[in-house]
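Data first, discussion second: the structure below is written as structure tokens.
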Amino acid sequence: MTGKRKCFILHSEWSPAGDQPKAIEKLTAGVMRGDRYQTFLGVTGSGKTYTMANVITQVNRPSLVLAHNKTLAAQLYSEFKSFFPENAVHYFVSYYDYYQPEAYIPSSDTYIEKDASVNERIERLRLAATKALIERRDVVVVASVSCIYGLGERVNYEDVIFRFSVGESYELRNFMSKLIANYYTRNDVTLLPGTFRARGDAIEIFPAYSESGIRISFYDEQIDRIDNFDPVNGRSVERLDEASIFPAKHYVTQDDAIEKAAPLIESELESAVKEYESKGKLLEAQRIAMRTRYDLEMLREVGYCSGIENYSRHLDGRNAGEPPGTLLDFFPEDFLMIVDESHITLPQVRGMLNGDRARKTVLVENGFRLASCLDNRPLDWNEFLSHFKQAVFISATPGDWEIENSAQLVEQIIRPTGVVDPEVEILPASTQVDDLVDKLRAICERGERALVITLTKKSSEDLSDYLSELHFRVKYIHSELNAFERAELIRDLRSGNIQVLVGINLLREGMDLPEVSLVAILDADREGYLRSKRSLIQIMGRAARNTSGKVILYADNITGSIEFSVDETNRRRKLQMEYNTIHGIIPENIKKKVVNLLPEELLAAYSTDSGAIREKTSSSEISYSQQELERMMWEAVEKLDFERAAQIRDIIAGKLPNTSDVGAVRLRKRKRR
């Protein structure tokens with residue numbers, strides 16, 4: 001592993017304060033003495049990311065930061081990039097804008113084909129992450145749980161890396177053949193990521209993982225010069241002595257992989273047909289035979305078939321049950337795993353395999369796939385744990401597993417700004433809406449912001465409509481909005497375009513909202529996942545970045561979760577106030593510039609590039625690409641929502657103005673239901 005820079009260099013406008021120095025010292029000592037697991041209990045707004053950046057700097061190891069969703073991963077990516085501008089900080093999440101997995105519903109005899117839309121910008125960021133891990137050690141990769149899914153074997157990926165230097169001799173045709181073997185395509189008209197072109201005695205390559213191109217100039221079949229250049233204007237940026245071209249995709253197979261895999265697939269097919277026939281499943285036997293033989297013919301003729309990933313076990317040469325290659329295989333043995341919001345992320349990792357296997361088992365039982373498709377899967381829990389030697393679990397409310405298995409629990413209760421945990425008030429749920437309106441009026445008059453937490457999507461939309469009729473600047477936020485839309489709403493809340501944001505559980509972890517002074521939790525006594533002790537503490541933390549922070553729990557009964565969360569908040573509040581008194585600290589609101597939640601390079605990935613349509617809302621404009629609009633149209637057709645489908649069709653065709661409100665039809669249909 002090579003690279004110009006070996007050490008992490010932390011850039012920050014401030015020094016560790018509050019509980020940060022003690023936490024940095026303890027966590028660093030734990031890593032250096034070899035503690036496998038540590039739990040870092042850091043309260044909201046205490047600067048946990050900054051603390052971990054200091055730990056990474058001191059231990060100086062490649063690090064993987066694992067988050068439970070794309071939005072939180074994007075925020076962490078942005079923060080780590082600002083801390084380590086001279087090092088390699090990368091982003092690795094699922095590259096699907098839209099993904100409908102292959103499935104079968106026996107009760108209605110409904111087969112659903114796989115349908116997906118790949119985001120090329122996200123794919124470029126994924127490729128850049130693996131390239132950095134191979135080339136250098138000063139790497140931080142911020143990833144979602146998609147990193148435990150099959151990516152392809154690292155050994156196959158490394159085998160086809162094409163390295164060359166000035167002075168080496170290549171016939172132009174052979175040089176281009178090596179690029180094609182690396183999954184690059186020739187395009188002499190337009191140079192796009194993943195393509196190359198020949199111009200006289202020069203070959204220009206636009207690597208799939210880079211924003212700059214590589215120009216190789218030949219003289220008499222000898223490499224005379226290598227330049228990094230700007231693909232837009234063609235100007236040379238840097239002259240190089242050597243260069244490497246990494247594959248344009250992660251899943252790389254050996255040259256004879258299909259030739260070796262075909263007999264194995266045929267043998268498995270023969271066994272499957274016999275098994276179906278022995279059970280009297282003649283339809284299933286015919287179905288699997290037709291589908292598999294068609295796939296084999298496609299593989300032999302064109303080297304690819306739809307659903308090729310279902311044959312990955314045979315193509316990779318893996319044994320049954322053997323785990324697939326993942327991003328974790330690209331890290332060195334001594335890398336540090338950092339699991340953010342571990343109380344959510346770890347259960348998500350633990351449950352991935354069962355959900356994937358349940359869907360595919362139905363496909364296998366009904367003759368749609370061979371049993372080997374079950375090995376195209378995410379890692380199971382034990383395989384995940386075996387991939388790393390040391391981990392730090394971060395959460396304001398760590399789970400039982402983290403606490404029980406950690407060598408030490410490190411607390412970070414004191415905030416550098418002196419802000420204490422919010423005051424908690426419990427009010428009756430029977431009059432919660434009327435009381436809430438009065439509280440919100442006072443908040444808005446002071447120019448502050450509020451979050452209102454409901455139990456369901458329907459109630460969040462209905463409450464948002466009601467508050468809007470009372471002239472509040474209000475919006476709702478839930479899982480039907482994509483990452484870009486949610487980021488826009490968060491920015492609008494911080495900037496003041498929105499005064500009140502109504503949501504369910506998307507507001508709990510990782511949202512940095514210092515302007516929010518009130519968090520109101522409706523129906524707080526409805527025990528369950530959304531009102532558990534950990535959920536309540538996380539929600540309360542949204543008001544912990546403001547000196548006027550206050551939490552109102554609307555409840556007619558004091559549940560065990562309410563009692564625990566209030567006691568824990570009061571415990572932390574007491575410690576913080578005592579610390580401020582001893583050190584003469586006057587709490588100050590956290591001041592943070594209003595920026596997009598998603599970094600600029602990710603905004604481009606999540607928003608539109610070409611064929612953009614702008615959707616007007618009262619507070620902001622939300623973008624949909626042509627591809628997204630087409631997907632939305634077909635989704636509406638499948639749901640028999642023809643009114644909405646027709647409107648989106650007319651926007652795509654240009655028959656309606658670009659400012660047509662795509663979301664309005666969706667909202668009206670919900671109200672009717």
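The values are calculated or read from the model by the stated rules, or taken from the named source; none is laboratory data. Computed from a predicted model, the values in this text were never measured in an experiment. Cβ placement follows ideal geometry from the backbone for every residue including glycine, while neighbour counts extend to all protein chains displayed. Keep in mind that these areas ignore ligands, DNA and RNA; they rest on the heavy atoms of the full protein, side chains included. Shrake-Rupley method; radii C 1.70, N 1.55, O 1.52, S 1.80 Å.
Structure above, values below:
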item: Top-ranked residue in region 344-363 [being of a type in the set (A, V, I, L, M, F, W, C) and surrounded by 19 or more Cβ atoms within 10 Å (Cβ to Cβ); ranked as nearest to Arg36 (Cα to Cα)]; result: Leu346
item: Scope region 486-505; condition open to solvent by 10 Å² or more (accessible area, probe 1.4 Å) and not in a loop (DSSP other than H, G, I, E, B); matching residues; result: Arg486, Glu488, Leu489, Arg491, Arg494, Ser495
item: Hits in region 179-197 - residues which are open to solvent by less than 70 Å² (accessible area, probe 1.4 Å), hydrophobic (A, V, I, L, M, F, W, C) and out of contact with any Leu (no Cβ under 7 Å at 6 or more places or on another chain); result: Leu179, Ala181, Leu191
item: Conditions (1) under 29 Å from Leu315 (Cβ atoms); (2) surrounded by fewer than 21 Cβ atoms within 10 Å (Cβ to Cβ); (3) in contact (Cβ under 8 Å) with a residue 24 or more places away in the chain; (4) in contact with a strand residue (DSSP E or B) (Cβ under 7 Å, 6 or more places away or on another chain); number of the one not met by Arg61; result: (1)
item: Ile394 being part of a loop (DSSP other than H, G, I, E, B) and in contact with a strand residue (DSSP E or B) (Cβ under 6 Å, 6 or more places away or on another chain); result: no
item: The listed residue being part of a helix (DSSP H, G or I) and closer than 21 Å to Gln538 by Cα, out of Leu385, Leu363, Leu436, Leu409; result: Leu436
item: Among residues of region 518-557, those that are in a loop (DSSP other than H, G, I, E, B) and either touching a strand residue (DSSP E or B) at 6+ places or on another chain (Cβ under 7 Å) or closer than 23 Å to Ile586 by Cβ (or both), counted; result: 10
item: Selected residue [hydrophobic (A, V, I, L, M, F, W, C), touching a residue at least 60 places away in the same chain (Cβ under 8 Å) and open to solvent by 60 Å² or more (accessible area, probe 1.4 Å)] from Leu315, Leu328, Leu283; result: Leu283
item: Criterion (open to solvent by less than 30 Å² (accessible area, probe 1.4 Å), acidic (Asp, Glu), touching a residue at least 24 places away in the same chain (Cβ under 8 Å) and farther than 30 Å from Ser464 by Cα) met by exactly one of Glu411, Glu341, Glu402; result: Glu402
item: Residues being open to solvent by less than 60 Å² (accessible area, probe 1.4 Å), among the acidic types (Asp, Glu) and not in a helix (DSSP H, G or I) - total across region 76-89; result: 0
item: Test: residue in region 437-449 that is under 35 Å from the mean Cα position of the chain (by Cα) and either more than 26 Å from Ile586 (Cα to Cα) or free of Cβ contacts under 8 Å to residues at least 40 places away in the same chain (or both); result: yes
item: Search result, residues across region 213-238 that are touching a residue at least 40 places away in the same chain (Cβ under 8 Å) and open to solvent by less than 20 Å² (accessible area, probe 1.4 Å); result: Ile216, Phe218, Ile223, Ile226
item: Region 90-147: number of residues that are assigned to a helix (DSSP H, G or I), in contact with a helix residue (DSSP H, G or I) (Cβ under 6 Å, 6 or more places away or on another chain) and open to solvent by less than 20 Å² (accessible area, probe 1.4 Å); result: 5
item: Tally, over region 450-463, of residues that are farther than 14 Å from Tyr554 by Cβ and surrounded by fewer than 22 Cβ atoms within 10 Å (Cβ to Cβ); result: 5
item: Region 239-261, subset within 17 Å of Gly317 (Cα to Cα) and over 35 Å from the mean Cα position of the chain (by Cα), residue least open to solvent (accessible area, probe 1.4 Å); result: Lys260
item: Condition met for Asp375 (in contact with a Lys or Arg (Cβ under 6 Å, 6 or more places away or on another chain), acidic (Asp, Glu) and open to solvent by 40 Å² or more (accessible area, probe 1.4 Å)); result: no
item: The one condition in (1) within 20 Å of Gly325 (Cβ to Cβ); (2) without any contact (Cβ under 8 Å) to a residue 24 or more places away in the chain that Asn310 fails to fulfil; result: (2)
item: Every residue from region 33-70 that is among the polar types (S, T, N, Q), part of a loop (DSSP other than H, G, I, E, B) and within 15 Å of Val141 (Cα to Cα); result: Asn60, Asn69
item: So Thr253, is it out of contact with any His (no Cβ under 9 Å at 6 or more places or on another chain) and either modelled with pLDDT of 95 or more or among the aromatic types (Phe, Trp, Tyr) (or both); result: no
item: Candidate set: region 517-558, residues that are of a type in the set (A, V, I, L, M), farther than 21 Å from Ser464 by Cα and touching an Asp or Glu at 6+ places or on another chain (Cβ under 7 Å); chosen: the one modelled with the highest pLDDT; result: Ile537
